[in-house]
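Everything below concerns the one structure shown next.
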Amino acid sequence: MSKNWRPATQLVHGGTLRSQYGETSEAIFLTQGFVYDSSEAAEARFKGETDGFIYARYGSPTNDMFEKRMCMLEGAEEARATASGMAAVSAAILCQVKAGDHIVAARALFGSCRWVVETLAPKYGVECTLVDGRDLKNWEDAVRPNTKVFFLESPTNPTLEVIDIAGVAKLADQIGAKVVVDNVFATPLFQKPLELGAHVVVYSATKHIDGQGRCLGGVVLSDKQWIDENLHDYFRHTGPAMSPFNAWTLLKGIETLPLRVKQQTESARRIADFLAEQPQVARVIYPGRKDHPQADIIAKQMSGGSTLVAFELKGGKEAAFALQNALEIIRISNNLGDSKSLITHPATTTHKNLTDEARAELGISAGTVRFSAGIEDSEDLIEDFARALKGVNA
């Protein structure tokens, strides 16, 4: 396999295994276990002296193809496919900390990610400090002698803030900590955290990688040493493994990732520009627009914008609900990265469990709306917004 293939080629052919039947599409290996030619062969495989699969919870040919394809795209040495994005986040963080350790995390996180570091980890004696991740000094000020992990997502959910990954990684290297980046909103096509100095990258493959609303999945990517020393045993013994059927579905989804993301990003950009001109809209946040608060960082670390747009309506929750309810093509859903355009009101869905104060800190108001562009015609989407906005007071 050529490592010089470009992403669109990698995502069709990378990591492909074929059985003796020479199938064109990847095979689904729906099996729990594997058989061995002899007792000696079984012993050698369990000892790690020979290559091969042992049990589907540890790995399978279908999962292996998905992991290898993601490694090629991300530029990682190793990966582990998980049952969901949150299984990936939980594994990436918890596998490398113990009681007495300390995590520094950006406060702008998806609700469940924030729960893992703010609520779950402290139950096991792991302290956590949340910071405004946009300012590198906040990361530096939060460091303690026992700080082991920095965790962030960039762009953030749902307000599309951008964090200086290279700057955070440089600080982590100075203190011997590891940086875990949730790269879902940028996709592996527009941002490469490992190239920026991060140590671990996680994805909810449920989003853009599947991209068609079919199944759950996640993936953790890093170098082989980190996987071997931290994630390997955690993964084997706690059982967050992806189903081979889901791995096959994701392999089919990832083939069209560049095509979908290109269309989605172009639509998101056009819709962001359209919304910015509407009297009902107080502000628009979109990576790639010159008025984005971290435009200088975006220019350094992202090669494209995003498939998502965040905007705030002047009329608060009432206006947000009126807009969403009036849309015809764009559907209300808390998912994102789908081939169908989706819209959600974070204050009452994805971030409803945060306090009013916590949401205010993150820039999530009652009028904040998150839009995920699909692959429909951009003009139809703009017309859908234009018609729905007519029922929203300026």
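Listed values, structure above:
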{"read-out": "Among the residues listed as LYS98, LYS148, LYS137, the single one being out of contact with any helix residue (DSSP H, G or I) (no Cβ under 7 Å at 6 or more places or on another chain) and over 17 Å from GLY167 (Cα atoms)", "value": "LYS98"}
{"read-out": "Qualifying residue in the stretch 164-181 (condition: in a strand (DSSP E or B) and over 22 Å from the mean Cα position of the chain (by Cα))", "value": "no"}
{"read-out": "Pairs where the first residue, in the stretch 77-97, is touching a residue at least 12 places away in the same chain (Cβ under 8 Å) and the second is aromatic (Phe, Trp, Tyr) and surrounded by 24 or more Cβ atoms within 10 Å (Cβ to Cβ), C-beta under 8 Å, 6+ apart", "value": "ALA81/PHE66; GLY85/TYR203; ALA88/TYR203; ILE93/PHE151"}
{"read-out": "Some residue of the stretch 315-333 being open to solvent by less than 60 Å² (accessible area, probe 1.4 Å) and closer than 30 Å to ILE165 by Cβ", "value": "yes"}
{"read-out": "Residues that are touching a residue at least 40 places away in the same chain (Cβ under 8 Å) and β-branched (Val, Ile, Thr), drawn from the stretch 47-63", "value": "THR62"}
{"read-out": "Qualifying residue in the stretch 201-210 (condition: under 20 Å from GLU26 (Cβ atoms), assigned to a strand (DSSP E or B), of a type in the set (Ser, Thr, Tyr) and open to solvent by less than 10 Å² (accessible area, probe 1.4 Å))", "value": "yes"}
{"read-out": "Qualifying residue in the stretch 257-264 (condition: in contact with a Gly (Cβ under 7 Å, 6 or more places away or on another chain), touching a residue at least 60 places away in the same chain (Cβ under 8 Å) and not in a helix (DSSP H, G or I))", "value": "no"}
{"read-out": "Residue count, the stretch 163-197 (criterion: closer than 21 Å to GLU266 by Cβ and touching a Lys or Arg at 6+ places or on another chain (Cβ under 8 Å))", "value": "1"}
{"read-out": "Residue, nearest to PRO293 (Cα to Cα), within the stretch 96-124, restricted to residues that are of a type outside the set (A, V, I, L, M) and in contact with an Asp or Glu (Cβ under 8 Å, 6 or more places away or on another chain)", "value": "ARG107"}
{"read-out": "Counted residues, the stretch 6-31 - those being part of a loop (DSSP other than H, G, I, E, B) and either under 23 Å from ALA241 (Cα atoms) or open to solvent by 70 Å² or more (accessible area, probe 1.4 Å) (or both)", "value": "17"}
{"read-out": "Any hit, the stretch 216-224, residues being over 20 Å from CYS95 (Cα atoms) and either in contact (Cβ under 8 Å) with a residue 24 or more places away in the chain or open to solvent by less than 30 Å² (accessible area, probe 1.4 Å) (or both)", "value": "yes"}
{"read-out": "Options PRO155, PRO145; residue that is outside any strand (DSSP E or B) and either in contact with a His (Cβ under 6 Å, 6 or more places away or on another chain) or surrounded by fewer than 20 Cβ atoms within 10 Å (Cβ to Cβ) (or both)", "value": "PRO145"}
{"read-out": "Residue satisfying all of: in the stretch 109-127; under 19 Å from GLU161 (Cβ atoms) and open to solvent by 10 Å² or more (accessible area, probe 1.4 Å); farthest from the chain's Cα centre (by Cα) among these", "value": "GLU118"}
{"read-out": "All helices (runs of 4 or more DSSP H) inside the stretch 272-384 with 3 or more residues being at pLDDT below 95", "value": "356-361"}
{"read-out": "Qualifying residues in the stretch 372-394 (those that are charged (D, E, K, R) and open to solvent by 20 Å² or more (accessible area, probe 1.4 Å)) - the one nearest to SER339 (Cα to Cα)", "value": "GLU376"}
{"read-out": "Conditions (1) in a loop (DSSP other than H, G, I, E, B); (2) open to solvent by less than 50 Å² (accessible area, probe 1.4 Å); (3) in contact with a helix residue (DSSP H, G or I) (Cβ under 6 Å, 6 or more places away or on another chain): number failed by VAL104", "value": "(1)"}
{"read-out": "Of residues in the stretch 56-101 being open to solvent by 20 Å² or more (accessible area, probe 1.4 Å) and in contact with a Cys (Cβ under 8 Å, 6 or more places away or on another chain), the one nearest to ARG6 (Cα to Cα)", "value": "GLU77"}
{"read-out": "Test: ALA44 is touching a residue at least 12 places away in the same chain (Cβ under 8 Å), open to solvent by less than 30 Å² (accessible area, probe 1.4 Å) and either in a helix (DSSP H, G or I) or not polar (S, T, N, Q) (or both)", "value": "no"}
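The values are calculated or read from the model by the stated rules, or taken from the named source; none is laboratory data. Everything quoted here is computed from the prediction, not taken from an experiment. We place every Cβ from the backbone using ideal geometry, glycine too, and count neighbours over all the protein chains shown. Quick note on the areas: whole protein, heavy atoms, side chains included, nothing else; ligands and nucleic acids left out. Shrake-Rupley method; radii C 1.70, N 1.55, O 1.52, S 1.80 Å.
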